[in-house]
Amino acid sequence: MPCEPCDNGGVSDHPELDGYEPMPERPLRSRHLQTIMRVVVVIALVALVLPGIIVTATTANATAVRACGAYTQAFAPDAIGYSVRFEFVGPEGPGWNCYTVDFGGRESLLRSLGLIPGGAVLPSGELENS
(Lines give C-alpha, C1' and ligand atoms only; values in the text may rest on other atoms or scores of the structure.)
Protein backbone atom coordinates (compact mmCIF):
# COMPACT_ATOMS: atom_id res chain seq x y z
CA MET A 1 0.00 0.00 0.00
CA PRO A 2 1.71 3.18 -1.12
CA CYS A 3 1.93 6.13 1.19
CA GLU A 4 0.11 9.09 -0.38
CA PRO A 5 1.58 12.05 1.54
CA CYS A 6 5.07 10.51 1.64
CA ASP A 7 7.76 12.24 -0.28
CA ASN A 8 9.98 9.16 -0.46
CA GLY A 9 8.62 7.79 -3.74
CA GLY A 10 5.49 6.07 -2.48
CA VAL A 11 7.30 3.73 -0.10
CA SER A 12 5.77 3.52 3.37
CA ASP A 13 7.87 4.62 6.34
CA HIS A 14 6.40 1.73 8.36
CA PRO A 15 6.33 -1.42 6.25
CA GLU A 16 5.26 -3.49 9.28
CA LEU A 17 1.90 -1.66 9.21
CA ASP A 18 1.18 -2.39 5.55
CA GLY A 19 -2.11 -4.25 5.32
CA TYR A 20 -3.12 -3.34 8.88
CA GLU A 21 -6.86 -3.03 9.31
CA PRO A 22 -7.87 -1.44 12.64
CA MET A 23 -10.40 -3.38 14.71
CA PRO A 24 -13.77 -1.80 15.39
CA GLU A 25 -13.64 0.47 18.44
CA ARG A 26 -14.92 -0.97 21.68
CA PRO A 27 -14.43 -0.01 25.32
CA LEU A 28 -11.27 -1.16 27.04
CA ARG A 29 -13.33 -2.57 29.90
CA SER A 30 -16.73 -4.26 29.88
CA ARG A 31 -19.82 -2.57 31.31
CA HIS A 32 -19.85 -5.09 34.15
CA LEU A 33 -16.25 -4.28 35.13
CA GLN A 34 -16.94 -0.52 34.90
CA THR A 35 -19.91 -0.91 37.26
CA ILE A 36 -17.82 -2.90 39.74
CA MET A 37 -15.05 -0.28 39.60
CA ARG A 38 -17.53 2.55 40.23
CA VAL A 39 -19.00 0.74 43.24
CA VAL A 40 -15.52 0.13 44.66
CA VAL A 41 -14.59 3.80 44.21
CA VAL A 42 -17.78 5.00 45.96
CA ILE A 43 -17.20 2.59 48.86
CA ALA A 44 -13.58 3.77 49.15
CA LEU A 45 -14.63 7.44 49.22
CA VAL A 46 -17.23 6.76 51.90
CA ALA A 47 -14.64 4.82 53.91
CA LEU A 48 -12.29 7.83 53.73
CA VAL A 49 -14.83 10.54 54.55
CA LEU A 50 -17.18 8.88 57.07
CA PRO A 51 -14.65 8.50 59.93
CA GLY A 52 -13.83 12.21 59.73
CA ILE A 53 -17.50 13.14 59.91
CA ILE A 54 -18.06 10.84 62.90
CA VAL A 55 -15.03 12.18 64.79
CA THR A 56 -16.04 15.80 64.10
CA ALA A 57 -19.63 15.23 65.26
CA THR A 58 -18.52 13.38 68.41
CA THR A 59 -16.00 16.09 69.32
CA ALA A 60 -18.53 18.88 68.69
CA ASN A 61 -21.12 17.10 70.85
CA ALA A 62 -18.68 16.61 73.75
CA THR A 63 -17.55 20.25 73.55
CA ALA A 64 -21.15 21.49 73.45
CA VAL A 65 -22.11 19.40 76.50
CA ARG A 66 -19.16 20.71 78.54
CA ALA A 67 -19.79 24.33 77.50
CA CYS A 68 -23.51 24.06 78.25
CA GLY A 69 -22.76 22.62 81.68
CA ALA A 70 -20.46 25.54 82.46
CA TYR A 71 -22.98 28.10 81.19
CA THR A 72 -25.80 26.50 83.17
CA GLN A 73 -23.75 26.49 86.37
CA ALA A 74 -22.76 30.15 85.89
CA PHE A 75 -25.97 31.71 84.52
CA ALA A 76 -28.77 29.44 85.76
CA PRO A 77 -27.67 27.79 89.00
CA ASP A 78 -31.30 27.13 90.02
CA ALA A 79 -31.96 24.93 86.95
CA ILE A 80 -32.27 21.19 87.62
CA GLY A 81 -30.51 20.25 84.41
CA TYR A 82 -29.57 21.19 80.89
CA SER A 83 -29.97 19.86 77.40
CA VAL A 84 -27.80 20.29 74.32
CA ARG A 85 -29.13 19.77 70.81
CA PHE A 86 -27.95 20.36 67.28
CA GLU A 87 -30.73 22.12 65.39
CA PHE A 88 -30.80 22.85 61.68
CA VAL A 89 -33.38 25.59 62.21
CA GLY A 90 -32.56 27.37 65.46
CA PRO A 91 -32.76 30.93 66.73
CA GLU A 92 -29.41 31.83 65.20
CA GLY A 93 -29.48 29.39 62.29
CA PRO A 94 -28.03 25.89 62.26
CA GLY A 95 -25.88 25.00 65.23
CA TRP A 96 -25.71 23.70 68.79
CA ASN A 97 -28.11 25.18 71.34
CA CYS A 98 -27.97 24.99 75.14
CA TYR A 99 -31.27 24.73 77.03
CA THR A 100 -31.84 24.82 80.78
CA VAL A 101 -34.43 22.52 82.32
CA ASP A 102 -36.57 24.01 85.10
CA PHE A 103 -38.26 22.11 87.94
CA GLY A 104 -41.49 21.65 85.96
CA GLY A 105 -39.59 20.19 82.97
CA ARG A 106 -39.84 23.39 80.93
CA GLU A 107 -36.84 24.12 78.72
CA SER A 108 -35.51 27.61 78.09
CA LEU A 109 -32.83 28.57 75.60
CA LEU A 110 -29.80 29.66 77.57
CA ARG A 111 -27.33 30.19 74.76
CA SER A 112 -26.63 29.35 71.14
CA LEU A 113 -23.24 27.68 70.91
CA GLY A 114 -22.81 27.97 67.13
CA LEU A 115 -22.11 25.54 64.35
CA ILE A 116 -18.73 24.57 65.82
CA PRO A 117 -18.97 24.97 69.60
CA GLY A 118 -15.99 26.21 71.54
CA GLY A 119 -15.22 26.24 75.23
CA ALA A 120 -17.36 28.29 77.57
CA VAL A 121 -16.30 31.92 77.91
CA LEU A 122 -17.38 32.98 81.39
CA PRO A 123 -16.96 36.39 82.99
CA SER A 124 -14.40 36.55 85.77
CA GLY A 125 -15.60 37.50 89.22
CA GLU A 126 -19.09 37.64 90.70
CA LEU A 127 -22.18 37.94 88.52
CA GLU A 128 -24.54 40.76 89.40
CA ASN A 129 -28.30 40.53 89.16
CA SER A 130 -29.66 43.35 87.07
**Complete:** The correct count of residues that are surrounded by 11 or more Cβ atoms within 10 Å (Cβ to Cβ) and hydroxyl-bearing (Ser, Thr, Tyr) in the range 36-60 is 2
**Prompt:** Regarding THR63, is this residue surrounded by 12 or more Cβ atoms within 10 Å (Cβ to Cβ), farther than 16 Å from TYR99 by Cβ and either aromatic (Phe, Trp, Tyr) or modelled with pLDDT of 90 or more (or both)?
**Reply:** yes
**Asked** Quick one: what pairs do we get from the range 114-130, first residue over 29 Å from PRO94 (Cα atoms) and modelled with pLDDT under 75, second among the β-branched types (Val, Ile, Thr) and assigned to a loop (DSSP other than H, G, I, E, B), C-beta under 8 Å, 6+ apart or different chains?
**Response** none
**Message:** Please go through the range 54-77 and give me each residue that is without any contact (Cβ under 8 Å) to a residue 12 or more places away in the chain and outside any helix (DSSP H, G or I), ordered by number.
**Reply:** PRO77
**Message:** If I filter the range 76-103 down to residues being closer than 11 Å to LEU115 by Cβ and hydrophobic (A, V, I, L, M, F, W, C), which single residue comes out as surrounded by the fewest Cβ atoms within 10 Å (Cβ to Cβ)?
**Reply:** PHE88
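The values are calculated or read from the model by the stated rules, or taken from the named source; none is laboratory data. Computed from a prediction, not measured in an experiment: that's the story for all the values here. All Cβ positions, glycine included, derive from the backbone under ideal geometry; neighbour counts span all protein chains shown.
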